[in-house]
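The values are calculated or read from the model by the stated rules, or taken from the named source; none is laboratory data. In this text, all values refer to a predicted model and were calculated from it rather than measured experimentally. Glycine gets a Cβ as well: all are built from the backbone with ideal geometry, and neighbour counts include every protein chain shown. Each accessible area value is taken on the protein alone, full model and side chains, heavy atoms only, with ligands, DNA and RNA left out. Shrake-Rupley method; radii C 1.70, N 1.55, O 1.52, S 1.80 Å.
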Amino acid sequence: MKCRKCNQNAVINMREHKLALCKEHFLTWIPEQTQRSIETYQMFTVEDRILVAVSGGKDSLALWEILNQLGYAADGLYIDLGIESDGGYSSRSRQFAQAFANQRGLALQTVDVRQREGASIQKAAQIARRGSEKTCSVCGLTKRHIMNQTAREGAYDVIVTGHNLDDEAAVLFGNTLNWLSGYLLRQEPVLPATETGFARKAKPLCRLYEREIAAYAFLKEIEYIHDECPYAKGANSIFYKETLNSMETARPGIKLAFYLSFLKAKREGMFASRTNAAREFHICPTCGQPTLNMDECAYCRLWNQVRTVIEEPPRKP
Ligand code: SF4
Ligand code: ZN
């Protein structure tokens, strides 16, 4: 297989794009595609200060590398969730994120959930009696809150995450199967900042396949944690990804078409009536972040409950 651009040996054949490329052209193609998404969806400009949410995995580290290569001012944020099962998942992923930043002289801010709130995500999920299968909901709530707070306090213009096309297509698939119109409404490559205090959020890799980013990380010799978070096992999102992968094998490009057709349908007004339905946000009296609750936000409620239980003296038998 030859590179479409220079006729050298190709390192990757992207059937989804009917495009084979050599190493050199593939390593310029990925940043070009990322830049195209940044411009198409007006995610940010070189004037903006960017906060990259890094997990220690390939997508977020590749994204951070690409943004710096493209000349954007991007700092990293790593949130240590305190997940120590599976051989210390959080400690190991933190080491990868830190080593990546050190090797390239990039600024990485780390927030340790155990130090900040007094318990790990696992412990918080147990105490909140949400059950082990709900660890991800506690985790998602906590990460969103810390990212937003860090962006506001650090005067960042935008938070970016490493969600790739496989992630976006799987979320879209799940939301469509269940017709979750509220989630479908909010699934966008970029969400604008709000007056109530949500920072802008963007996903510059949303049109790149996971396989393409994995190949980029490999060729760029980016070292990252290969293991998935232990709580990802058995998740619906994995099942949706596998289903979409088998469709992709039979029909290359179907994932990209599914996602882009969804975005087009939205632009053409598929959710017009819901878009106009304003959600009324209030300011949480404890942390100052926006919430739909009339009093404390879900984050403050959760972690107050956790702290109360941890600080309770043990009951006598
Ligand atoms: Fe958090 Fe669940 Fe993702 Fe693990 S799989 S990082 S617990 S959201
Ligand atoms: Zn709050």
- Message: Would you confirm whether or not the stretch 140-153 contains a residue that is farther than 16 Å from GLY76 by Cα and touching a strand residue (DSSP E or B) at 6+ places or on another chain (Cβ under 9 Å)?
- Response: yes
- Message: Would you confirm, using the coordinates I've provided, whether ILE310 is in contact with a helix residue (DSSP H, G or I) (Cβ under 9 Å, 6 or more places away or on another chain), open to solvent by 70 Å² or more (accessible area, probe 1.4 Å) and either within 16 Å of ligand 1 (Cβ to nearest atom) or modelled with pLDDT under 95 (or both)?
- Response: yes
- Task: Return the total of residues in the stretch 77-92 being under 18 Å from ALA107 (Cβ atoms) and either in contact with an Asp or Glu (Cβ under 8 Å, 6 or more places away or on another chain) or within 10 Å of ligand 1 (Cβ to nearest atom) (or both).
- Result: 2
- Task: Inspect all residues belonging to the stretch 280-297 and state whether any of them is over 25 Å from the mean Cα position of the chain (by Cα), within 30 Å of GLY56 (Cα to Cα) and modelled with pLDDT of 90 or more.
- Result: no
- Task: Might you let me know whether the stretch 110-117 holds any residue that is more than 20 Å from ASP227 (Cα to Cα), within 16 Å of ligand 2 (Cβ to nearest atom) and open to solvent by 30 Å² or more (accessible area, probe 1.4 Å)?
- Result: yes
- Test: CYS206 is within 16 Å of ligand 1 (Cβ to nearest atom) and not charged (D, E, K, R): no
- Message: Within the stretch 90-106, does at least one residue satisfy the condition of being of a type in the set (Lys, Arg), in contact with a Ser or Thr (Cβ under 8 Å, 6 or more places away or on another chain), without any contact (Cβ under 8 Å) to a residue 12 or more places away in the chain and away from ligand 2 (no atom under 16 Å from the Cβ)?
- Response: no
- Item | Hits in the stretch 130-186 - residues which are surrounded by 19 or more Cβ atoms within 10 Å (Cβ to Cβ) and aromatic (Phe, Trp, Tyr) | TYR156, PHE173
- Take the residues in the stretch 220-266 that are within 30 Å of CYS22 (Cβ to Cβ) and within 16 Å of ligand 1 (Cβ to nearest atom), then tell me which one is surrounded by the fewest Cβ atoms within 10 Å (Cβ to Cβ). HIS226
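So if I check each of VAL54, VAL11, which one is β-branched (Val, Ile, Thr) and over 15 Å from TYR216 (Cα atoms)?
It is VAL54.
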- Query: Could you list, in sequence order, the residues of the stretch 38-53 that are under 17 Å from CYS206 (Cβ atoms) and of a type outside the set (Ser, Thr, Tyr)?
  - Reply: ILE38, GLU39, GLN42, MET43, PHE44, ILE50, VAL52, ALA53
- Message: Given the criteria open to solvent by 20 Å² or more (accessible area, probe 1.4 Å) and in contact (Cβ under 8 Å) with a residue 40 or more places away in the chain, does GLU16 qualify?
- Response: yes
- Task: Check every one of the helices (runs of 4 or more DSSP H) wholly within the stretch 198-316 and list those with 2 or more residues that are among the aromatic types (Phe, Trp, Tyr), within 16 Å of ligand 2 (Cβ to nearest atom) and closer than 25 Å to ASN148 by Cα.
- Result: 298-311
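Across the stretch 19-51, which residue is most open to solvent (accessible area, probe 1.4 Å) among those that are among the aromatic types (Phe, Trp, Tyr) and under 18 Å from ALA217 (Cβ atoms)?
Within the stretch 19-51, the match that is most open to solvent (accessible area, probe 1.4 Å) is TRP29.
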- Scan the stretch 63-78 residue by residue and report those that are open to solvent by less than 20 Å² (accessible area, probe 1.4 Å) and closer than 21 Å to ARG144 by Cα. LEU63, TRP64, ALA74, GLY76, LEU77, TYR78
- Task: Could you tell me whether PHE198 is over 21 Å from LEU302 (Cβ atoms), crowded, with 16+ Cβ neighbours inside 10 Å and not charged (D, E, K, R)?
- Result: no
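Per-residue answers, yes or no, for (1) at pLDDT 95 or above; (2) in contact with a Leu (Cβ under 8 Å, 6 or more places away or on another chain); (3) not small (Gly, Ala, Ser):
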{"residue": "VAL171", "(1), (2), (3)": "yes, no, yes"}
{"residue": "LEU180", "(1), (2), (3)": "no, no, yes"}
{"residue": "LEU185", "(1), (2), (3)": "no, no, yes"}
{"residue": "PRO192", "(1), (2), (3)": "yes, no, yes"}
{"residue": "PRO204", "(1), (2), (3)": "yes, yes, yes"}
{"residue": "TYR231", "(1), (2), (3)": "no, no, yes"}
